[in-house]
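Inspection log for the structure reproduced underneath, given as structure tokens.
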Amino acid sequence: LKCAAASRTTALRSTVFCATTSYRRVLVSPLQNCCYSHARCSAPALITAQQSRLLCGDSAGGDPTSRLKSSNDSSPDRARPNDNTDFISEHQVDPIRALFPWRHSPSPLPRLCPGTPEYSSQGGYVGPGMPPLNRWIRGALYWNAASMLNIPSYKVLLFRGWEEEMANQFSWAFQMAVAGLLSRTYRVPMESIISTEIPTDKGDKEATINGDAKSNEPSPPMEPSSFVVNFDQTVAPPPHPTDITEPKQEDDFDDENAPELEFMLQKQLRSLYDTAHEHTRHNLQIRLQTEPYDAEIVSMFLIPFITRERVEATPALRHALRNVWVHLEEKEEKLGRRLGMGEAISEIAGELESLAKKQADSQGVVESTIICQTLIKCREIFTVRDVELDQVVQGDPEGKVNDVTHLVRFEMTISASINGGPSTLGSWQITDIDDLLEGNVWYT
């Protein structure tokens, strides 16, 4: 409540304090590094106990993720690198081994289900790099992040229209990014991927561009929920030079209708799909048809005074926030007792103020990062067939339309004066999909 009632300047400090009050003895483990979507809206709803049951099933009825394979599963159905013969589970995807990194499952990620081991170890609704925070702390973080997006407090507390609009924009951006990713990775024109008809099972009428396969008219401007991704192509493995000194062939593929993926998708996420394609050895028939029908923001929080770009330039900043925890523990060890709430607030405020001044430019402007996770529900068909073996190696072998859920992680850099005032907003970028990059975390 103190976090939610704080002034705008204190709001920047409250992010670390909220996570520290109940969990300051939890040292979050370092992970990897991450993130666009020109969606200019903002922020999320909290997951209530009832919503959790809808997502994951009633915990009293058994383990909601009993059908999900453990990420440590070493059973024979896990494909080996460069081997297309083994079946890859559609529920728990190993991005290093997948022929096409994609999670196709009606169940949400296990970390979104309270009571599962993943919920505790992978940050729950907030995600990797953070402890699983309770709903009150998540609410304070959410309010804090929304205020930094220049959303009035009364709208955050009383209205949800802006939140629904933001979720819809995120859904549209996800669709466009997936279409652009398929186009770029497999050198297929966007007009062959975008469709206005819903996914259909095999045997039904095939979806066509704008409902007319023979139309040569340009497609109308895309509006949210006005199109679906419809990719059904046989792709050949890229040429693999036998001589490592042989220069790589230049790629002259250029589709003016494709989105600018270098802005929409963080480079490590783009690289994940490039690497999967480069390690393919057989011809693959990839079918991915997906149509979002619902979207909900599950968490949003602020990473104060540091950004991905700053951390990449100065790796020592990666642990700047964790060092606040360390400072508190050192203070308690020195005093021989635990700090009271007022003392903890004072210590954290001082550490954050020091960090802000160090990172501020000559005009007193400092950059921070907002991370938002959105659950997107889709009607989807997904299969990957090895043409030479005539065998489905990933996805649904029957090629059915399934209701699936995707968790998409967005990131935005904002700038604000340390003296207060409205924020200057950057652009949203997609940094991870379904935790394929374990959140693509860079701040722990």
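The values are calculated or read from the model by the stated rules, or taken from the named source; none is laboratory data. Predicted, not measured: the structure shown is a model, and the values here were computed from it. Every residue, glycine as well, gets a Cβ built from its backbone with ideal geometry; the counts of neighbours run over all protein chains shown. Just so you know, the surface numbers come from the protein's heavy atoms only, side chains and all, with ligands and any DNA or RNA stripped out. Shrake-Rupley method; radii C 1.70, N 1.55, O 1.52, S 1.80 Å.
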| note | Selection over region 338-380 where residues are outside any helix (DSSP H, G or I) and within 14 Å of THR307 (Cβ to Cβ) yields a count of 9
| query | What about THR374, is it at pLDDT 90 or above, in contact with a helix residue (DSSP H, G or I) (Cβ under 9 Å, 6 or more places away or on another chain) and open to solvent by less than 60 Å² (accessible area, probe 1.4 Å)? | reply | yes
| Some residue of region 307-329 being hydroxyl-bearing (Ser, Thr, Tyr) and surrounded by 16 or more Cβ atoms within 10 Å (Cβ to Cβ) | yes
| Residues SER362, SER368: which one is small (Gly, Ala, Ser) and surrounded by fewer than 18 Cβ atoms within 10 Å (Cβ to Cβ)? | SER362
| remark: Exactly one of THR245, THR234, THR275 is of a type in the set (Ser, Thr, Tyr), modelled with pLDDT under 85 and farther than 30 Å from GLU163 by Cα, and that residue is THR245
| request: Return the pairs, sorted by first residue and then second, in which the second residue is among the acidic types (Asp, Glu), the first residue lies in region 412-435 and is farther than 19 Å from ALA179 by Cα, the beta carbons are less than 8 Å apart, and the residues are 6+ apart or on different chains. | output: THR413/GLU309; THR413/GLU367; ILE414/GLU367; SER415/GLU367
| note | Conditions (1) out of contact with any Cys (no Cβ under 9 Å at 6 or more places or on another chain); (2) part of a helix (DSSP H, G or I); (3) not small (Gly, Ala, Ser) -> LEU141 fails only (1)
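This table checks each residue for (1) in a helix (DSSP H, G or I); (2) modelled with pLDDT under 90; (3) more than 16 Å from LEU437 (Cα to Cα).
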| residue | (1), (2), (3) |
| --- | --- |
| GLY115 | no, no, yes |
| PRO128 | no, no, no |
| PRO132 | no, yes, yes |
| ILE137 | yes, yes, yes |
| GLU164 | yes, no, yes |
| Do any residues in region 322-336 that are farther than 19 Å from ILE303 by Cα have Cβ atoms under 6 Å from those of residues that are open to solvent by 50 Å² or more (accessible area, probe 1.4 Å), where the two are at least six apart or on different chains, and which pairs are they? | GLU332/ARG338
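Filter region 419-434 down to the residues that are part of a loop (DSSP other than H, G, I, E, B) and either open to solvent by less than 30 Å² (accessible area, probe 1.4 Å) or within 18 Å of LEU149 (Cβ to Cβ) (or both) and list them by number. Before the answer, list the steps.
Initial filter on region 419-434 (part of a loop (DSSP other than H, G, I, E, B)): 419-423, 426-428, 434.
The answer is GLY420, GLY421, PRO422, SER423, GLY426, SER427, TRP428, ASP434.
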| field | Output for region 330-359, where each listed residue is more than 33 Å from the chain's Cα centre (by Cα) and surrounded by 17 or more Cβ atoms within 10 Å (Cβ to Cβ) | value | GLU332, LEU339
